[in-house]
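Visitor: Attaching a single structure in structure tokens format; questions to follow.
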Amino acid sequence: MEKINTSFSRRSFLKSSVLASGGLMISFSGLSKYMPEDNIKPINLADEWNELTGYIKITSDNIIKILNPNPEFGQNVMTSLPMIVAEELDVDWKKVVVEMGPHDNVKLGPQFTGGSNSVRMYWKPLREAGAAARQMLREAAAQTWHVPMDEVTTKAGMLYHEKSGKSGTYGDFATLAAAIPIPKGVTLKDIKSFNVVGNSSKNVEGLKIVTGKPLFALDHDYEGMLIAMIEHPPAFGKKLKSFDASEALKMPGIKDVFSLKLYEDGYEQTGFDTRTFNDLLVVVGNTTWEVMNARKKLKVTWEPTSDTKEVIGGFRGKTEVIIPAGLESTSSHLEKMTEYAKKPAQQLRKDGDPETAFANAAQILERTYTAPFLAHNCMEPMNYFAHVTDEKALLIGPHQAPGWIEPTLAKILNLPPDKIEIQMTRMGGGFGLRAYGHYLTEAALISRKVKAPVKLVYSREDDMTYGIYRPMYTATYRAALDANKNIIAFHVKGGGIPEHPVHANRFPAGAIDNYLAEGWAIPSNITIGAFRAPRSNFNAAAEQSFLDELAEMVGKDPIEFRLELLKRAKENPVGKNNDYDADRYVGVLNLLKEKSGWNNPENKKYSRGVAAYFCHNSYAAHVVDIVKKDGQPYVERVFSVVDCGVVINPDAAVNMVQGAVVDGIGNAFYGGLTHKDGASEQNNFNRYRMIRYKEAPKKIDVSFVKNDVDPTGLGEPPFPPVFAAVANALYKNTGKRFYDQPFGKFIELNRQRM
Amino acid sequence: MATFNLDINGKKQTLDVDPKTPLLWVLREHLKLVGTKYGCGIAQCGACTVHFEGNAVRSCSLPVSAAANKKITTIEGLSENGDHPVQKAWLEHDVAQCGYCQTGQIMSATALLNKNANPTDEQIEAAMSGNICRCGTYVRIREAILSASSKK
């Protein structure tokens, strides 16, 4: 077992978490929630934890532990997923201790954070796990008391047999229950009788967060650990040619400088094996600061890349992609996008006869929208700990999908999966970037090469300039009106670098007789990846701004205008495969009207913008209220409504929506990464502007549509519509429509002109 | 290398280290006080905020030589068990999402409230705008500061 050196005094519980399942687990986050660690210590011995389903462990003295299966990156799964188990297990949530589970896709499910899926995909399995364990405990009690199981009831971690007056704790029966096979076909609670789910619970790691305990991989220290950093090429389209490390090697604390190849030629990537640079120049030393300094002494020659063929496998089959050579710039990107927008594109959906409708239109509204590359900028830069030998690999750190990276590691390291142990740490943000595992694979190869435990650390600059960005996008929207200002045709043609953003079957598809959606893409060597609501985060911005302008053109209130279109989509839908439920869409808009006081005269002092969007099976809508502050438009308050079905942990869900709103305002005003000759023009927060305290709203009022629908996504859906709500409010405030993100650039310009 | 007398969280200690090493890395890598976070290295994000003679400073840009013989407080020195009023307010409002920036936020807020128990909105803005929260928890940071200030 690895020895951990943590900075604060930790006792034997760190070493004693050898679980009854036989899994070897270093529990550096320890047990969370209410239970002082000192109380845990005497009972936290391997053979005393009885495992009831993979998720639940109970000691004979009634300590109830629930494992969180999914990687936590701030979306609250460490709290909300165990709450689901606790609900069906019927325990007192206040007495439950929570622990991050090991990577074990057999016992703990898919273990993937992304696509707003955590609660969605675990809702049923976790309810079943809790209900199954409860049934096993009842059966154990029934056997012991010699009574029928049907007569054994539970309440808050206790078992009762009313007729005989017998009772006992879950702990009393845990050993026996653990020997009972996990039942199938268990009965779940009626949602209306829930008392854990639906009641706000504090973050189980809150105390550790506010006291600065080493929750993050960057904070952990291991016996004999070295620090590695990679000197990546200074631009996309460049690669390592040669280097002279003689000066760097003389620097204090430096152990080694070498180059290594990430993927061998012909390596077949999975969809999440994206990497920007393959030839790595690695500096290894004792401390981060020493390695940072030594990097400055490297003498490196870079050379241009050639067109490169990448083979990408996956469940949709193998595809080959040519990554073009060349040093790309934002100015040429914009020119190319304008050029491609005029070319014929791939048809994605067509209803009716849009060409004829446009030809016969009394009026046409056409608008083009653009958005830049966005960097994820997780506050904890990419890093990973690896200790790889010829026999096995231990990897510890922040990653959204251990089950996806394990097969990659197995191939790269030529080790069987059962010799690869991945431990999940709390992530300092993820936003999609940490679904990709290049930094993890890099760490593994570096550890194997230097034959030592290594932590690979990205500096902020490394992190921001590496790539895997939200793509650069554009879309042109057109609407055709007849003489009575009825919308007779709608056309969206979207493109991007290097993918198009269009979701052809989303609203307003289904609401307009003649509809056309098209997409095109420009190849690039700037790598892209998932970023909070991929594609949707641009579509919503463009489409919902366009609908606002269209509503104004036809002389209708923007909410009423949307409701009319949705009425049509519900009563007489056009086409097939419309990817939304018009009723739930209407539901969020109606609740938003009420909550925001949309028609309330006293709100006229605000410049108000509205937008709504559907993605990840959920519906979100916002009203953004802008005022002038120091002569500049400022979003003072926001009203948000979300329909994501049953809400597990309401206050944490509110926090998530508030964060999405702030994230959206920030990216709408300031976000953007530009390039010149292949190099990112922003590499740290002095040039990449992030929203700050003074720019955030004072109040974000969040409401959820109440229903019993199984939970749908929450982390992403509130984010996309924020951009358009901001644009639409800015129009009211400045009299100017905003088409190109980030909007702040143009507001600053206006101010300078004045 | 040079020897420095450090006074961190009331504990006096001597350390032999390159004088140019930023206090951040001395705290994290030499003293294993990892509650102070690395975020940008150029004093732009505030994740590394500590108190220097009671003032909030960015430890990533403060060489250890400048910190010698000065009173330095890190998040670990704010309270024994997380029961400082600002930490309690942070828990009450369940501010954190990912949590990475929050120790820096708390150190900035505490420095402000230590000097000004009832700050105005503008004063809070001035004190807190050097700390980035990528998760966007600013609304709750504001609520927590206001509730900590009224309790003082």
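The values are calculated or read from the model by the stated rules, or taken from the named source; none is laboratory data. In this text, all values refer to a predicted model and were calculated from it rather than measured experimentally. In this analysis, Cβ positions are derived from the backbone assuming ideal geometry, glycine residues included, and neighbour counts consider all displayed protein chains.
Visitor: Does A:VAL641 satisfy the condition of being among the β-branched types (Val, Ile, Thr), surrounded by 24 or more Cβ atoms within 10 Å (Cβ to Cβ) and more than 11 Å from chain B (Cβ to nearest Cβ)?
Guide: Taking the combined requirement at face value, the residue satisfies it.
Visitor: Restricting attention to the stretch A:467-485, does a residue exist that is within 23 Å of A:SER259 (Cβ to Cβ) and under 24 Å from the mean Cα position of the chain (by Cα)?
Guide: There is at least one residue in the stretch A:467-485 that is within 23 Å of A:SER259 (Cβ to Cβ) and under 24 Å from the mean Cα position of the chain (by Cα).
Visitor: Report yes if some residue within the stretch A:663-680 is in a helix (DSSP H, G or I), surrounded by fewer than 18 Cβ atoms within 10 Å (Cβ to Cβ) and facing chain B (nearest Cβ under 10 Å); otherwise report no.
Guide: No, the stretch A:663-680 contains no residue that is in a helix (DSSP H, G or I), surrounded by fewer than 18 Cβ atoms within 10 Å (Cβ to Cβ) and facing chain B (nearest Cβ under 10 Å).
Visitor: Continuing with this model, one more query. Which residue is surrounded by the most Cβ atoms within 10 Å (Cβ to Cβ), if the candidates are limited to the stretch A:269-288 and must be among the hydrophobic types (A, V, I, L, M, F, W, C) and over 24 Å from A:GLY432 (Cα atoms)?
Guide: Only one residue fits best here, namely A:VAL283.
Visitor: Please work out which one of (1) under 13 Å from the mean Cα position of the chain (by Cα); (2) assigned by TED's automatic domain parsing to the domain that holds B:GLY10 is the condition B:MET107 fails and give its number.
Guide: Against the list (1) under 13 Å from the mean Cα position of the chain (by Cα); (2) assigned by TED's automatic domain parsing to the domain that holds B:GLY10, B:MET107 comes up short only on (2).
Visitor: When the stretch A:289-316 is examined, which residues are found to be small (Gly, Ala, Ser) and either surrounded by 17 or more Cβ atoms within 10 Å (Cβ to Cβ) or closer than 16 Å to A:ILE227 by Cβ (or both)?
Guide: A:ALA294
Visitor: For the stretch A:216-231, indicate whether the set of residues that are more than 30 Å from A:MET100 (Cα to Cα) and not assigned by TED's automatic domain parsing to the domain that holds A:ALA679 is non-empty.
Guide: Within the stretch A:216-231 (the criterion being more than 30 Å from A:MET100 (Cα to Cα) and not assigned by TED's automatic domain parsing to the domain that holds A:ALA679), the answer is yes, since at least one residue qualifies.
Visitor: Looking at the stretch A:541-596, which of the residues that are of a type in the set (Asp, Glu) and closer than 16 Å to A:PRO721 by Cα is farthest from the chain's Cα centre (by Cα)?
Guide: Restricting to residues being of a type in the set (Asp, Glu) and closer than 16 Å to A:PRO721 by Cα, the top hit is A:GLU549.
Visitor: Can you tell me which of (1) touching a Pro at 6+ places or on another chain (Cβ under 9 Å); (2) within 12 Å of chain A (Cβ to nearest Cβ); (3) over 24 Å from A:VAL635 (Cβ atoms) is the one B:ALA47 doesn't meet?
Guide: (1) is the only condition that B:ALA47 fails.
Visitor: Can we say B:ALA126 is more than 21 Å from A:TYR670 (Cβ to Cβ), modelled with pLDDT of 95 or more and of a type in the set (Gly, Ala, Ser)?
Guide: no
Visitor: Given the residues A:MET464, A:MET424, which is the only one that is out of contact with any Pro (no Cβ under 7 Å at 6 or more places or on another chain), at negative phi and buried (at least 23 other Cβ atoms within 10 Å of the Cβ)?
Guide: Selected residue: A:MET464, the only one of A:MET464, A:MET424 that is out of contact with any Pro (no Cβ under 7 Å at 6 or more places or on another chain), at negative phi and buried (at least 23 other Cβ atoms within 10 Å of the Cβ).
Visitor: Does the stretch A:528-540 contain any residue that is touching an Asp or Glu at 6+ places or on another chain (Cβ under 6 Å) and assigned by TED's automatic domain parsing to the domain that holds A:ASP708?
Guide: No: the stretch A:528-540 contains no residue that is touching an Asp or Glu at 6+ places or on another chain (Cβ under 6 Å) and assigned by TED's automatic domain parsing to the domain that holds A:ASP708.
Visitor: Any residue at all in the stretch A:452-468 that is more than 30 Å from A:ASN293 (Cβ to Cβ) and within 14 Å of chain B (Cβ to nearest Cβ)?
Guide: Within the stretch A:452-468, not a single residue is more than 30 Å from A:ASN293 (Cβ to Cβ) and within 14 Å of chain B (Cβ to nearest Cβ).
Visitor: Another question, then. Step by step: first the residues of the stretch B:10-28, then only those that are assigned to a loop (DSSP other than H, G, I, E, B) and within 11 Å of another protein chain (Cβ to nearest Cβ), then the one that is nearest to the chain's Cα centre (by Cα). Which residue is that?
Guide: B:THR21
Visitor: When you scan the stretch A:689-701, do you find a residue that is surrounded by 21 or more Cβ atoms within 10 Å (Cβ to Cβ), assigned by TED's automatic domain parsing to the domain that holds A:GLY666, touching a residue at least 40 places away in the same chain (Cβ under 8 Å) and not in a loop (DSSP other than H, G, I, E, B), even just one?
Guide: yes
To keep it simple, each residue is scored yes or no on (1) farther than 22 Å from A:GLY428 by Cα; (2) modelled with pLDDT under 95; (3) not assigned by TED's automatic domain parsing to the domain that holds B:LYS115.
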site: B:CYS40; (1), (2), (3): no, no, yes
site: B:CYS45; (1), (2), (3): no, no, yes
site: B:GLU53; (1), (2), (3): yes, no, yes
site: B:LEU62; (1), (2), (3): yes, no, yes
site: B:ALA67; (1), (2), (3): yes, no, yes
site: B:TRP90; (1), (2), (3): no, no, no
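Visitor: Just wondering, is there one or more residues in the stretch A:139-162 that are in contact (Cβ under 8 Å) with a residue 40 or more places away in the chain, in a helix (DSSP H, G or I) and touching a Phe, Trp or Tyr at 6+ places or on another chain (Cβ under 6 Å)?
Guide: yes
Visitor: Just give me the residues in the stretch A:382-423 being in a helix (DSSP H, G or I) and farther than 18 Å from A:GLY109 by Cα, in sequence order.
Guide: Of everything in the stretch A:382-423, those that are in a helix (DSSP H, G or I) and farther than 18 Å from A:GLY109 by Cα turn out to be A:THR408, A:LEU409, A:ALA410, A:LYS411, A:ILE412, A:LEU413, A:LYS419.
Visitor: Oh, and also: Of the conditions (1) within 30 Å of A:GLU461 (Cβ to Cβ); (2) in contact with a Phe, Trp or Tyr (Cβ under 9 Å, 6 or more places away or on another chain); (3) within 12 Å of another protein chain (Cβ to nearest Cβ), A:GLY206 clears all except one; give me its number.
Guide: It fails just one condition, (1).
Visitor: What single numbered condition from (1) charged (D, E, K, R); (2) buried (at least 22 other Cβ atoms within 10 Å of the Cβ); (3) at pLDDT below 50 fails to hold for A:GLU88?
Guide: For A:GLU88, the exception is condition (3).
Visitor: Which of the helices (runs of 4 or more DSSP H) contained wholly in the stretch B:61-152 include at least 1 residues that are over 18 Å from A:GLU695 (Cα atoms) and more than 9 Å from chain A (Cβ to nearest Cβ)?
Guide: In the stretch B:61-152, B:64-67, B:75-78, B:85-92, B:102-115, B:138-151 are the helices (runs of 4 or more DSSP H) which contain 1 or more residues that are over 18 Å from A:GLU695 (Cα atoms) and more than 9 Å from chain A (Cβ to nearest Cβ).
Visitor: Right, here's the next one. Scan the stretch A:271-297 residue by residue and report those that are hydrophobic (A, V, I, L, M, F, W, C) and either touching a strand residue (DSSP E or B) at 6+ places or on another chain (Cβ under 6 Å) or within 14 Å of another protein chain (Cβ to nearest Cβ) (or both).
Guide: Across the stretch A:271-297, the qualifying residues are A:LEU280, A:LEU281, A:VAL282, A:VAL283, A:VAL284, A:TRP289, A:VAL291, A:MET292, A:ALA294.
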